[in-house]
Amino acid sequence: MAAILEVNAVSKHFGGFTALSDVSIRVAAGERFGLIGPNGSGKTTLINCVSGSLRNDSGSIAFQGEEISRQPAYVRTRKGIARSFQVPRPFHTMTVLENLLVPTAYVRHLKDSEGEAQAMQILTDMGLAAKARAYAAELSQVELRKLELARAMASQPKLLISDEAMAGLSGSEVDEVLKILFDLNEKGITIIMIEHIMQAVMRFSQRVICLDAGKIICEGAPTEIVKNPDVQKAYLGA
Amino acid sequence: MIFSLDLLTEAVIFGVLLGCFYAAVSIGLSVSFGLLDVPHVAHPAVMILGSYFTYLLANQGLDPILSGVILMPAFFVLGVLIYRFYYESFEKRGSEAGVRGLAFFFGLAFIIEIGLILTFGVDQRTVRAAYIGSSWELGDYRIPYRMLVAFGVALALTLALTIYLSKTFIGRAIKAVAQDQGALRLMGANPVRIKQWAFGIATAVSALAGAMVIVVGPVEPSMDRLYIGRTFCIVVLAGLGSMTGTLASGLILGISESIVLMFFGASWAPAVAFGLLLVVLGIRPQGLFGR
Amino acid sequence: MPLAKERGKLLMGNFSFQVNAKVQHDMYFNNSPWNDASSWSDGFFAAGKKAGAKTLAVLAADNDFAQNLANGARTLAEKAGIKSVFDQNYPPTTTDFSSLIRAIRAAKPEMVFVMSYPNDSVAIIRAVNEIGVGSQVQLFGGGMVGLQFTPIMSTLGSLLNGVTNYNSYVPGMKYPGIEDFLKRYAAKAAEAKVDPLGFYLPPFNYAIGQILERAITATKSINDKTLANWLHANEVHTIVGPIRWGKDGEWANARVVQAQFRGVADKDVEQFRQPGKQVVIYPDAYKTGDVITPFEKARSAK
Amino acid sequence: MKYWISVAVILVLTLGVALSPVNEYFFFAAYFVLTAIALSTAWNILGGYAGYVNFGTPAFFGVGAYTAVVLFKWLGAPLPVQIVAGAVMGGLLGFGVGLLTLRLRGIFFAIGTIAVIFIMETLMINWRYVGGATGLQLVRPPVSVPFDTYARMLFMVIAVVAVVAVSIARYVQDSWIGRGLRAIRDSEEAAECSGVPTLRLKLIACVISGGLMGAVGAPMPMYLSFIEPASTFSLNYTIAALGGSIIGGMSHWGGPIIGALVLSTLQQIITVTISGEVNVLVVGVLLVLFVVLAPEGVLGLFKRWLRSSK
């Protein structure tokens, strides 16, 4: 399968601290890709570099064969990379529906009338339609997570990066979100899932990479990864 | 414009003294803004408030620098109160560095300034001391004692704060809170109390800085406006929260300002700090000595 | 001013400066010892020339009044063949003058003419004391506003010594009746808590009363026009000396006093009542002593 | 449509008042109130919609004023030309300052704008052509018909400027720019990842806001027939612009109008009855009270009252 995203030898430093060192990954189109690693291992830094919130110090990032690592984040979004945030960042002075109208207007240049119709469709798919006129302050944890995903979807991405969309959710809520992600993948969207909850990521991913201290320590199918001694060491700190 | 090597040497000597003085008036901000990330645009106003209290004490016959030291505990409490208020009203609600936090400190600065005008009038105030008004003659050069006193106090302050922040437990906690609040909470320390303590210290230091301001020259209520530029310029140039960087940037500003004063005249001097600040923001916002 | 002109009223000015130059109101009479810009500084330059000074530094506040005077000074200096080696304006907000004084010292002038406002005057005198202006300076001062005010004089004390500055009246000048006036003033000033010495303005204010009184007695009229005509035609004798007005309503003969501070001690208001603390060196008619030069020498002279 | 009808009505009324025999003092006071409204409205485009605090109102205002003076002295340009030029220069300044500091966190932009005030002031102090620190007296050309005094004519002029400012603010708020700016204020990172070109949008807002402030400053020298750096670059304009928006409410174009109206009217009353210092103090105190107790301003209080009375 053709690679939709190629990260090549990317490094990132903050002052004297190395957050990423020489990380390379390759994600195929339509793939369900898992990214795991303990706290502070560099997962979020890596996807910040991919989405454009941060600039990598060295290495290259190619999306659909095009080098994007010097492009601002909004350009990457317009090219088809969307993400959700680990700590939800809704536009809190807007309603749920208006939240989705930002990407429909800025990525897809739709008029509000068209944008609204499409946004409502996405909200319905995600089970958020009832809250379309609500503000972020009125949403529950799981609804906020869904809003993050819905807003990302409103830009009609080819690649969706979900950053710990399930942290702090109950078992049934996790299942709910997982189902949404599976459905999206069905429709042909490539998904990178960053997750702390091992069970979820293992169920979801076709292939998993584990980061520790800014380095890839192993890569493989979920079943192999769980058995890997390095991964166990990184997680259990043994 | 007259240029001579002698004059340049003199400008540099004076600039070094001036620079240390500027570092001393900025070091409180280096803690409150640099380390704690509080958009404390009222810092210079609080400092000028310190100058006026120094003026009151010095009029009772106290030495101005000693007055500044005496004021420190009271200003510590004032700082704790300001931070507490700021925390309860803004930081807790998660809108710290936004419009409202800035507007709050700006409003505070205005209230202090106008309060001073209403109490003391717009006239300049000065204090007397043996070291004000005379100079140390060093060959051809004359170095005002007031600048030497400011120089000494500045060095002592920088040294004391550097040691405090790196060697004591609470000092290290303050530095830690600047980097990662979550980690600190895991260590069992309460970041809010630590920030409160640090803000108290920063404000206490401003009292002494205020005393130095009135030792170095006459003060008037709206003087804080000029110091907004100087202090923020130094703190940003230093790289947020670096104490030794603060001293070094103070020197850079002091020397450049002194040279401009000497060769281009007093009318250009206020633009030095602000110009430097803009250049730093545009080119290297992480500062010269940043972490 | 325009209001007085429109309504045809007689107006007495009080230490104002050239306010009638544009309006041209023929019933305006200013009571101040100066008339045009150069009248402020000619005494200073005369004394400087006598002391052999050939170079000049000008330091002036950047505002209307000071710039006017400084321009007058520049013209006079040019006429007298004095070379300007330093000429700078400073913004009115300046508080630290040490760099400016250093720059002046480096320019090595023989005369320093300063046109400053009260706050700046104090700061400049302090900076001069700290930094020094160099041994070649013969004369320092000229147009510093504020050094006539008693609170400032007693604050600066001995720092004033050697400075030659403009004034309106200082003790020792022989104006008929002024000493009696000041005695009466001093008694009342203590009660009213105003300027205890009252040399600068009060005699001139009193003189305004005298002027109007003389005019009214002589013409037996209170008609604005009649009074104005009389004042234009006659010389009036007051406690600040005889006054005759020019067409523009300014004194026909300016009498700006230049006086040198000498032997002033710290924290003593009363000392200024005796002649000799401010020695009049100009105009010749009212001279109470000779100027001491150079400046550094005058600073330690008794 | 309703908006434009009310605009037309307001302008006709303004003209009527300007030609009526109302006491001159009214125009004097109204000029300052309208200036405050226009400045607050301009400020709000960047400060309120996008959440970037601009302390530099006097810098933009002053650039407009000095541009007008230079054009007047040099070419004798008429007032409308001066105002347009003032707006252009204000916008250019906004572009420059924005480009330099808008990539950074909001606090750096805020401090940067303070720097610009002092730099502009220093430049004008040292520029002899416009009078330096002393200032410059302007000989005003005869007042244009149908007005019989300058106060009346400039009252009309500033009213037009204010109406233009409000209309632009309203347009920005309702257009795609407005939604992007709100997204930036709520979460800049999320906005960028939702396809909003944040830097470009902030720059647009900064240019519009700065341009409007420049336009407001342009008629000031004619109004005073004098210009001088210290009062032109006074921080009082900062607090007026900031205070008007925050007290009125920053989320809607109506907020700054209400805030500035309340604030400047109060100031005029206090200046007349108490003193010039106290009026600035009151603004400071109100500003702090509002940011702490009523962060949504008068508009927010009004909305809350509407909801509770339902």
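The values are calculated or read from the model by the stated rules, or taken from the named source; none is laboratory data. The structure presented is a predicted model; accordingly, all values stated were derived computationally and were not measured. Positions of Cβ are generated from backbone atoms using ideal geometry, with glycine treated the same way; all protein chains shown enter the neighbour counts. Accessible surface is based on the protein model in full, side chains and every heavy atom, while ligands, DNA and RNA are left aside. Shrake-Rupley method; radii C 1.70, N 1.55, O 1.52, S 1.80 Å.
The table below lists the values:
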read-out: Apportionment of accessible area to carbon and sulfur, the protein assembly as shown, percent (1.4 Å); value: 61
read-out: Mean Cβ neighbour count within 10 Å, used as a protection proxy, ranking D:200-210, C:277-287 highest first; value: D:200-210, C:277-287
read-out: Whole-Å semi-axes of the range D:88-148's equivalent ellipsoid (Cα gyration tensor); value: 33, 18, 9
read-out: Virtual spin-label span in nm between A:PHE182 and C:GLN136, 7 Å along Cα→Cβ; value: 9.6
read-out: Helix-derived mean residue ellipticity, 222 nm - over chain C, DSSP H n ≥ 4, -39500 (n - 2.57), to 500; value: -11000 deg cm²/dmol
read-out: Where the Cα pairs of the range D:114-188 fall when distances are cut into 10 Å bins, in %; value: 15, 19, 28, 26, 12, 0
read-out: Kirkwood estimate for the range C:192-266, i.e. one over the average of 1/r between Cα atoms, Å; value: 14.5
read-out: Label-point separation in nm, C:ASP180 to D:VAL88, each point 7 Å along Cα→Cβ; value: 7.3
read-out: Estimated D of chain A in µm² per second, where Rh is the Kirkwood radius over Cα pairs and Stokes-Einstein applies at 25 °C, 0.890 mPa s; value: 135
read-out: Kirkwood hydrodynamic radius over Cα pairs of the range B:250-290, then Stokes diffusion coefficient at 37 °C and 0.692 mPa s, in µm²/s; value: 306
read-out: The range C:236-302 - Rg over Rh from alpha carbon coordinates, Kirkwood radius; value: 1.09
read-out: Violating pairs (Cα-Cα greater than 26 angstrom) within the set A:LYS146/B:LYS195; C:LYS5/C:LYS247; C:LYS54/C:LYS247; value: A:LYS146/B:LYS195; C:LYS54/C:LYS247
read-out: Average partner coverage of A:68-79, which counts Cβ from other chains inside 10 Å; value: 3
read-out: Test item: B:30-43 mean partner chain Cβ contacts at 10 Å; value: 1
read-out: Directionally averaged projected area (convex hull, Cα atoms, chain B), nm²; value: 15.7
read-out: Neighbourhood charge, 15 Å Cβ-Cβ cut-off, centred on C:ALA37 and excluding it, Lys, Arg +1 and Asp, Glu -1; value: -3
read-out: Under 15 Å from A:LYS43, Cα to Cα: aspartates and glutamates that are on another chain or at least 8 residues apart; value: A:ASP22, A:ASP163, A:GLU164, A:GLU195, A:ASP212, A:GLU219
read-out: FRET efficiency, 1/(1 + (r/R0)^6) with R0 22 Å, evaluated for C:ASP266 and B:ALA160 via beta carbons; value: 0.05
read-out: P(r), alpha carbons of the range B:58-137 - 10 Å bins starting at zero, rounded %; value: 14, 29, 31, 18, 7, 1
read-out: Principal semi-axes in Å for the range D:2-235 [√(5λ), Cα gyration tensor, largest first]; value: 31, 23, 12
read-out: Kirkwood hydrodynamic radius over Cα pairs of the protein assembly as shown, then Stokes diffusion coefficient at 25 °C and 0.890 mPa s, in µm²/s; value: 73
read-out: Centroid-to-centroid separation of the range D:273-305 and the range B:1-62 [C-alpha atoms, Å]; value: 32
read-out: Mean residue ellipticity (222 nm) of chain B, computed from DSSP H runs ≥ 4 via -39,500 (n - 2.57), nearest 500; value: -24000 deg cm²/dmol
read-out: Note, ³J(HN,Hα) from phi for the range B:223-237, Karplus 6.51, -1.76, 1.60, rounded to Hz, x at Gly and Pro; value: 5, 4, 4, 5, 6, 4, x, 5, 5, 5, 4, 5, 5, 5, 4
read-out: Test item: C:52-65 mean partner chain Cβ contacts at 10 Å; value: 2
read-out: FRET efficiency estimate (nearest 0.05) - Cβ-Cβ, A:GLN64 to A:GLU114, R0 30 angstrom; value: 0.70
read-out: For chain C: rounded, prolate or oblate by the Cα gyration tensor [a/c cutoff 1.5]; value: prolate
read-out: Total formal charge among the other residues, if their Cβ is under 13 angstrom from that of C:ALA80, Lys/Arg +1 and Asp/Glu -1; value: +3
read-out: Candidate lysines - alpha carbon under 17 Å from B:LYS167, same-chain residues fewer than 8 apart omitted; value: B:LYS175
read-out: Under 13 Å, Cβ to Cβ, from C:LEU227 - net charge with Lys/Arg +1 and Asp/Glu -1; value: +1
read-out: Calculated [θ] (222 nm, deg cm²/dmol) that DSSP helices of n ≥ 4 give over chain A, each run adding -39,500 (n - 2.57); value: -11500 deg cm²/dmol
read-out: Mean Cβ neighbour count within 10 Å, used as a protection proxy, ranking B:73-81, C:216-224, C:106-114 highest first; value: C:106-114, B:73-81, C:216-224
read-out: Of A:LYS12/D:LYS202; C:LYS50/C:LYS174; C:LYS49/C:LYS83, those spanning more than 21 Å from alpha-carbon to alpha-carbon; value: A:LYS12/D:LYS202; C:LYS50/C:LYS174
read-out: Normalised alpha carbon radius of gyration of the range B:1-141 [divisor 2.2 N^0.38 Å]; value: 1.32
